[in-house]
Amino acid sequence: MKVFKQSPIKSTLSVLAIALASSTIMAQELSVTVTNLTQGLYFTPVITAAHTSDSYIFMPGEMASAELQAMAEGGDISGLSSVLMNADANVNENPAAGLLAPATSASFDLSTDSTNTHLSLAAMILPSNDGFAGLNSWEIPTEAGTYTVFLNAYDAGTEANDEVRGSGAPGEAGMPVPPPLEDVIGMNGTGVTDMESNDKVHIHRGSLGDDDMETGKSDINNSVQRWLNPVAKLIITVQ
């Protein structure tokens, strides 16, 4: 019997060739459509990212980052975008070119690097104090096809859900009110609460609201802007 021993150089080159081939195979093209499933809620600019398995936009059960707080309280995605870019994530920002209205969709393409195997998404919910629609580190399938994922609403745990109008600035009470909601939600609410028992990221309980548009506890209209999960749907085509 003859035994053929591969030289160290050839062996190394073979390993590199396999690694490069694997990297080429793992890089993927995604087509994504995000749909607002709610009756009366708006989403602020959506941020979506393909990233490594040890990166994330948010983590349920943990304290929100300052970047997540800025998004969840005021719709500012610039901080999250910077963090993700610095982590070499593949990022898409604001596919709806503004607010994503109830029952509407936005579509975009996302090219992923070979190491960015997980997908995350976040967008603030309006009206809310610090609620957001979120997808947390969903593993991108390696098999080509079309996949549907439903998204829950999360509470960032950074602000009391008082349900009254406010600036939306991080650390300041109250909900930001964009033009489409100016004449839809109430005013002069006294506040549903001024404290929360859970200061970690968690599933949002939904808004309580009331039917008094001039005063009452809440500025949210309980016949229009209350919600149950899920609040959004993703259709992801892996090519």
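Hey, could you check segment 74-106 for residues that are of a type in the set (S, T, N, Q) and within 29 Å of Arg226 (Cβ to Cβ) and say which is farthest from the chain's Cα centre (by Cα)? The residue in question is Thr104. Number of residues in segment 62-101 that are in a loop (DSSP other than H, G, I, E, B) and either surrounded by fewer than 16 Cβ atoms within 10 Å (Cβ to Cβ) or among the aliphatic types (A, V, I, L, M) (or both) equals 12. Taken together, the residues in segment 102-154 that are free of Cβ contacts under 8 Å to residues at least 60 places away in the same chain and either of a type in the set (S, T, N, Q) or in contact with an Asp or Glu (Cβ under 8 Å, 6 or more places away or on another chain) (or both) amount to 1. The condition of being surrounded by fewer than 21 Cβ atoms within 10 Å (Cβ to Cβ) and aromatic (Phe, Trp, Tyr) does not hold for Phe132. The residues on offer are Ser223, Ser167, Ser137, and the sole one that is within 20 Å of Ile77 (Cα to Cα) and at pLDDT below 95 is Ser167.
For segment 174-189, which residues satisfy the criterion of being without any contact (Cβ under 8 Å) to a residue 40 or more places away in the chain and either charged (D, E, K, R) or part of a loop (DSSP other than H, G, I, E, B) (or both)? Correct list: Glu182, Asp183, Gly186, Met187, Asn188, Gly189. Name, by its number, the condition in (1) surrounded by 15 or more Cβ atoms within 10 Å (Cβ to Cβ); (2) at pLDDT below 95; (3) not acidic (Asp, Glu) that does not hold for Val15. Going through the list (1) surrounded by 15 or more Cβ atoms within 10 Å (Cβ to Cβ); (2) at pLDDT below 95; (3) not acidic (Asp, Glu), Val15 breaks only (1). Of Thr193, Thr237, all but one fail to be farther than 23 Å from Thr158 by Cα and surrounded by fewer than 17 Cβ atoms within 10 Å (Cβ to Cβ); the exception is Thr237.
For segment 27-38, a residue qualifies if it is modelled with pLDDT under 95 and either outside any loop (DSSP other than H, G, I, E, B) or farther than 19 Å from Thr115 by Cα (or both), and exactly one does: Gln28. When you check Glu139 against the structure, is it charged (D, E, K, R), over 14 Å from Val231 (Cβ atoms) and over 17 Å from the mean Cα position of the chain (by Cα), yes or no? Against the criterion (charged (D, E, K, R), over 14 Å from Val231 (Cβ atoms) and over 17 Å from the mean Cα position of the chain (by Cα)), Glu139 does not qualify. Restricting segment 107-128 to residues that are in a loop (DSSP other than H, G, I, E, B), among the polar types (S, T, N, Q) and under 17 Å from the mean Cα position of the chain (by Cα) leaves a set whose member that is nearest to Gly40 (Cα to Cα) is Ser128.
The values are calculated or read from the model by the stated rules, or taken from the named source; none is laboratory data. These numbers come from a predicted model, not from an experiment. Every residue, glycine as well, gets a Cβ built from its backbone with ideal geometry; the counts of neighbours run over all protein chains shown.
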